[in-house]
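Beneath this line is the structure, given in structure tokens, with notes to follow.
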Ligand SMILES: C[S@@+](CC[C@H](N)C(=O)[O-])C[C@H]1O[C@@H](n2cnc3c(N)ncnc32)[C@H](O)[C@@H]1O
């Protein structure tokens, strides 16, 4: 991440300007951290200033939910360096060190699926595609299908994007997102096949498995009639666990196979075949049409709050619900009426990090546009209760 160190920073009078950036105000926490609210080209951005043990300061962009482009952040930091007349002892913010982030039209942020994704043809999803052998094979063989590949391991993602480029494959969208939470971004009845091949077995921590009752329910909703959820695994425990969850479903039929051959084997499969391990397939076929769901919106607060009460009562706090949480991490005070609370929240599997900006009796998320996923909505309600408890 772009940052610089300085022995000295001039005390600023706000607002002040440098380059294309306006520095609006600053806020301090009891832990000795400082944030500066900046705005450049209409985009708000927080700069974090930490006092170093050995003296001097570390200045960097704050890692909030959606990190701003590294080059944009570097420019804002250069403007801050200039306006605060920093005496720089280390820096990686100069243009020659701008980080080059490789982008691909086939790599999508989760927001794309919330706001812009349009279903134009049948969709097949592969969860945890790893080396991508199966995904690439299927995409080449079925050019009329839109593939969505879910993976959380970055090198695997890069490898598959590179192969798409080299082989001219244009019908795969890749997303770096936890598969357990992805299905709620898809409309109902649009998916033909969901492949889950050799998922991590998590024998000692079954709650971490991709398969759960909630996951199967969402998978059935997005599958069209006769669409299939296909698990392939070498783990007898995972096989039994998933089979048990599917057995009682009234709107779907389950088929089981042992040691069936597929057209293409993955790296994992090759390894198990060499060891002569049994391989199980569990195929769930959806038999019922599901109701449409509303398009996913964003979350906002509409109640009035009293910052003076929040200042007095704030303490670091972790609140937990069923599968979700809110962690009120740190309060930053700017003046009697304005401050920021750094929070993390959302599903246990994947947390969001952002700030709650409190200004003139109102609360807003920073950055804004927090997606109204099921777990974010639950966490949001818990935050509203928390504000209510303090302010009323
Ligand atoms: C054992 S590997 C199997 C890879 C590939 N399917 C194969 O057969 O070679 C499991 C893959 O699932 C990915 N994965 C694990 N949990 C995931 C999750 N919750 N969402 C998406 N991908 C996940 C891992 O990063 C890993 O690449």
| task | Specify the inter-centroid distance of region 334-381 and region 195-242, based on alpha-carbon positions, in whole Å. | result | 32
| request: Specify the residue with the greatest mean-square fluctuation among 54, 126, 333, computed from a Gaussian network of the chain linking alpha-carbon atoms under 10 Å apart. | output: 54
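Taking the number of other C-beta atoms within 10 Å as the exposure measure, put 248, 137 in order starting with the fewest. Intermediate values should be presented prior to the final figure.
Working: 248 8, 137 14.
Exposure proxy ranking, most exposed first: 248, 137.
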| remark: residue 121 and residue 320 label points (each 7 Å along its Cα→Cβ direction) are spaced in nm at 4.6
| said: Using C-alpha positions alone, give me the convex hull volume of region 107-286 per residue in cubic angstrom. | reply: 116
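At a 10 Å Cβ-Cβ cut-off, how would you order 352, 20, fewest neighbours first?
On the way: 352 19, 20 12.
Ascending Cβ contact count within 10 Å gives the list 20, 352.
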| Which percent, nearest 5, of DSSP beta bridges in the chain are antiparallel? | 75
| task | Working from Cα positions, state the angle (0 to 90°, nearest 10) between the long axis of helix 374-391 and the longest principal axis of the chain. | result | 30
| Where a ≥ b ≥ c are the square roots of the eigenvalues of the C-alpha gyration tensor, would you call region 3-97 rounded, which needs a/c under 1.5, or, failing that, prolate if a/b is larger than b/c, or oblate? | rounded
| How much length, in nm to one decimal, is gained on full extension between residue 311 and residue 275, taken as 0.36 nm per residue of separation minus their Cα-Cα distance? | 6.8 nm
| query | Taking Cα atoms, how many degrees apart are the long axis of helix 213-222 and the longest axis of the chain, rounded to 10 and kept between 0 and 90? | reply | 80
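Students often check this: by mean Cβ neighbours within 10 Å, which of 291-304, 358-371 ranks highest, and how do the rest follow? Provide the component values of the computation, followed by the final result.
Details: 291-304: 12.0, 358-371: 16.8.
Order by mean packing, descending: 358-371, 291-304.
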| How far is helix 70-83 tilted off the main Cα axis of the chain, in degrees rounded to 10, range 0 to 90? | 10
| request: Have a look at the DSSP beta bridges in region 65-223 and tell me what percent are antiparallel, nearest 5. | output: 0
| What spacing in nm lies between the two simple spin-label points modelled at residue 257 and residue 374, each 7 Å away from Cα in the Cβ direction? | 3.0
| said: Give me the one-decimal Kirkwood hydrodynamic radius in Å for the chain, with the sum taken over alpha-carbon pairs. | reply: 23.8
| said: Please compute the Kirkwood hydrodynamic radius over region 266-332, one decimal place, Å, based on all pairs of different Cα atoms. | reply: 19.1
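Shape call for region 241-392 from the C-alpha gyration tensor, a ≥ b ≥ c root eigenvalues: rounded (a/c under 1.5), prolate (a/b greater than b/c) or oblate?
Numbers: a/c = 3.53, a/b = 2.51, b/c = 1.41.
Judged from the Cα gyration tensor, region 241-392 comes out prolate (a/c at least 1.5, a/b above b/c).
Specify, per residue and in Å³, the volume enclosed by the convex hull of the alpha carbon atoms belonging to region 194-310.
Working: hull volume 22.5 nm³, N = 117.
So the per-residue Cα hull volume is 193 Å³.
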| request: First obtain the Kirkwood hydrodynamic radius of region 305-345 from its Cα pairs, then insert it into the Stokes-Einstein equation at 20 °C and 1.002 mPa s, and state the resulting D in µm² per second as a whole number. | output: 195
| field | Order of 89, 21, 285 - criterion: other Cβ atoms within 10 Å of each residue's Cβ, fewest first | value | 89, 285, 21
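Is it possible to state the helix-based mean residue ellipticity at 222 nm for the chain, with each DSSP H run of 4+ residues giving -39500 (n - 2.57), the sum divided by total residues, to the nearest 500 deg cm²/dmol? What is it? Please report the intermediate quantities before stating the final value.
Details: 10 runs with 102 residues, N = 392.
Estimated from H runs of four or more residues: -7500 deg cm²/dmol.
Each value in this text was obtained by applying a stated rule to the coordinates, not by laboratory testing. Just so it is clear, the structure is predicted and the values come from calculations on it, not from any experiment. Using ideal geometry, Cβ is built from the backbone for each residue, glycine included, and neighbour counts are taken over all protein chains shown.
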